[in-house]
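Before any comments, here is the structure.
The values are calculated or read from the model by the stated rules, or taken from the named source; none is laboratory data. Note that the structure is a prediction, hence the values are computed from the model and not measured. Positions of Cβ are backbone-derived with ideal geometry, glycine not excepted, and every protein chain shown enters the neighbour counts. Just the protein is used for accessible areas: all its heavy atoms, side chains included, with ligands, DNA and RNA removed. Shrake-Rupley method; radii C 1.70, N 1.55, O 1.52, S 1.80 Å.
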Amino acid sequence: MKLLLIGSGGREHALAWKLAKSPKVEKIFVAPGNGGTAIEDKCENINVTDIEELINFAKKEIIDITIVGPEEPLTKGIVNKFQQEGLKIFGPAQNGAMLEGSKSFSKAFMKKYGVKTAEYEIFNNAEEALKYLEKCSYPTVIKVDGLAAGKGVAICETKEDAVKAVNSYMLDDIFNGAGQKIVIEEFLEGVEASILSITDGKTIIPFISAKDHKQIFDGGKGPNTGGMGVLAPNPYVTEEILEDFKENIMNKTLIGIREEAFDFKGIIFFGLMITKKGTYLLEYNVRMGDPETQSVLYLMESDLLEVIQAALSEELANIEIKWNNEVCINVVLASNGYPGKFTKGYEIQIDEKVKDKVFLAGAKLEDNILKTNGGRVLSVIGTGKNLEEAREDAYSNIKDVTFKNAYYRKDIGIYE
Ligand code: AMP
Ligand code: GLY
């Protein structure tokens with residue numbers, strides 16, 4: 001089979017690596033890909049991102065299945081457009097993708113189907129939002145409605161912080177329209193968990209749970225990032241929490257997907273907050289997480305292509321996904337300065353013995369040399385029978401990966 005994989009992050013390198021392991025896969029074109037997919041087995045990067053051009057490419061190369069990594073093309077309706085041309089593509093159509101594309105849409109969906117989530121109000125107008133801030137309790141959480149590259153959520157400790165957030169989103173319009181509508185919601189205290197899952201619209205199968213580490217510094221300090229490392233499975237997701245999640249969040253979401261008649265054959269990622277009052281859904285993503293994917297796919301024993309094929313033919317009810325029962329962590333090596341300003345273009349050296357334990361993200365291949373090309377540069381994997389072993393493995397593997405100004409957290413996998 002010939003596949004077309006869309007995206008350029010560490011997530012896509014992990015997807016390409018896992019798909020390449022399938023004996024059914026002959027070739028994977030990655031659009032546009034990165035330094036990791038440039039050197040991965042069976043893979044070839046193509047410099048195409050425009051949806052019409054991707055359609056032309058898929059037709060010309062007779063691609064069997066296209067797999068979409070990031071949310072943006074999904075919210076733009078790439079799945080509908082490929083399907084209109086008779087091309088097979090894995091991902092939700094545009095209406096289902098709005099579960100990630102619009103916070104007000106997803107909160108309304110959660111409310112309609114009784115999915116457990118924080119209390120909230122929606123505002124289209126700054127004056128009304130500011131008036132609401134006079135009477136709400138603090139901390140409070142303010143979210144822009146549209147996509148904002150993971151930056152559109154403010155946890156406001158005080159009314160002054162909240163006023164600043166509303167002004168910057170609605171009046172200064174720092175997210176170019178995405179913040180013209182906002183959600184103000186109840187602050188939930190607890191620990192977070194990521195549960196990725198796959199659905200064909202009839203059945204939903206959760207993947208192994210994961211724990212992201214969002215802040216830049218050790219101990220969960222400093223500004224939020226895209227994710228600085230992931231532990232899987234997530235030790236907080238006990239059998240009891242998993243049951244709570246299935247009953248109050250996952251199954252109700254599936255009912256909603258069916259009732260709304262979304263054409264949803266893709267990934268649905270539940271961002272959870274486990275609190276003393278139970279497990280709440282913070283958000284849906286309609287794609288795999290990054291860097292969750294790197295740890296989760298490392299533990300997947302089943303052939304990912306077969307799992308995707310089962311979703312596309314609405315046969316998920318007939319399969320079981322098999323997992324390795326080890327612990328896997330991945331530690332992100334970032335360019336020093338990220339998530340603020342940083343310098344790119346440094347050479348990356350990866351010792352041959354850890355080659356299969358590194359997923360590249362913000363990295364490019366130039367004249368056969370790997371160079372840093374983004375904030376989060378790569379993830380290093382560690383595995384073991386328990387967390388201690390996995391941590392030891394990851395931090396020892398990191399010693400065999402070098403680039404100038406590399407920064408990473410030392411506490412990935414340590415949790416209270
Ligand atoms: P979201 O994009 O909705 O997942 O929000 C990004 C991050 O903001 C989450 O991963 C949480 O760390 C935090 N967050 C979002 N909503 C809440 C909430 N209601 N209470 C506390 N923290 C939240
Ligand atoms: N790592 C969090 C996300 O992919 O949204």
_Cα point-scatterer Debye curve for the chain, base-10 log of I(q)/I(0) at q = 0.10, 0.11, 0.14 Å⁻¹_ = -0.67, -0.83, -1.38
*Label-to-label distance, nm, for residues given as residue 312 and residue 349 (7 Å Cα→Cβ offset)*: 4.3 nm
*Round to a whole number: what % of the accessible area of the chain belongs to carbon and sulfur, probe 1.4 Å?*
46 percent
*Averaging over all projection directions, find the projected area of the Cα convex hull of segment 309-398 and quote it in nm² with one decimal place.*
8.8 nm²
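When the helices in the chain are scored as -39500 (n - 2.57) per DSSP H run of 4 or longer and the sum is shared across all residues, what 222 nm value do you end up with, to the nearest 500 deg cm²/dmol?
Details: 14 runs with 119 residues, N = 416.
Estimated from H runs of four or more residues: -8000 deg cm²/dmol.
If you wrap segment 1-132's Cα atoms in a convex hull and average its projection over all directions, what's the area in nm²?
Details: hull surface 42.8 nm².
One quarter of the hull surface, i.e. the mean projection, equals 10.7 nm².
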_Using Cα-Cα distances under 8 Å and only pairs 6 or more residues apart, what relative contact order does the chain have, in percent?_
17 percent
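Between residue 85 and residue 44, what FRET efficiency comes out of the Förster formula 1/(1 + (r/R0)^6) with R0 = 25 Å and r the beta carbon distance, rounded to 0.05? Numbers along the way, then the final one.
Values: r = 22 Å, r/R0 = 0.88.
About 0.70, to the nearest 0.05.
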_Which residue fluctuates most in the GNM of the chain (Cα springs below 10 Å): 268, 63, 319?_
319
_Can you compute the FRET efficiency between residue 62 and residue 336 using 1/(1 + (r/R0)^6), with r the Cβ-Cβ distance and R0 = 35 Å? Round to the nearest 0.05._
0.20
*Taking only Cα atoms and a 10 Å spring cutoff, compute GNM fluctuations for the chain and point out the largest among 153, 296, 144.*
153
*the chain - accessible surface per residue (Å², probe 1.4 Å)*: 43 Å²
_Peptide ranges 185-193, 98-106 listed from the most packed, as the mean C-beta count within 10 angstrom indicates_ = 98-106, 185-193
*Whole Å is fine, so just give me how far the alpha carbon centre of segment 33-73 lies from that of segment 389-404.*
31 Å
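What are the equivalent ellipsoid semi-axes of segment 91-182, built from the alpha-carbon gyration tensor (square roots of five times its eigenvalues), in whole angstrom, biggest first? Could you put the intermediate results ahead of the total?
Values: eigenvalues 103, 52, 23 Å².
Over the Cα atoms of segment 91-182, the semi-axes work out to 23, 16, 11 Å.
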*Could you bin all the Cα-Cα distances of segment 248-394 into 10 Å bins starting at 0 and give me the percent of pairs in each, rounded to whole numbers?*
9, 27, 33, 23, 8, 0
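Placing unit charges on C-beta atoms (Lys and Arg positive, Asp and Glu negative, everything else neutral), compute the dipole magnitude of the chain about its Cα centre in debye, rounded to 20. Intermediate results must be reported in sequence, preceding the final value.
Values: 50 positive and 63 negative charges, 83 e Å.
The dipole of the chain has a size of about 400 debye.
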*asked:* From the convex hull of the Cα coordinates of segment 147-242, what is the mean projected area in square nanometres?
replied: 8.5 nm²
*asked:* Test of understanding: in a Gaussian network model of the chain with alpha carbons linked when under 10 Å, which of 364, 385, 344 would top the mean-square fluctuation ranking?
replied: 385
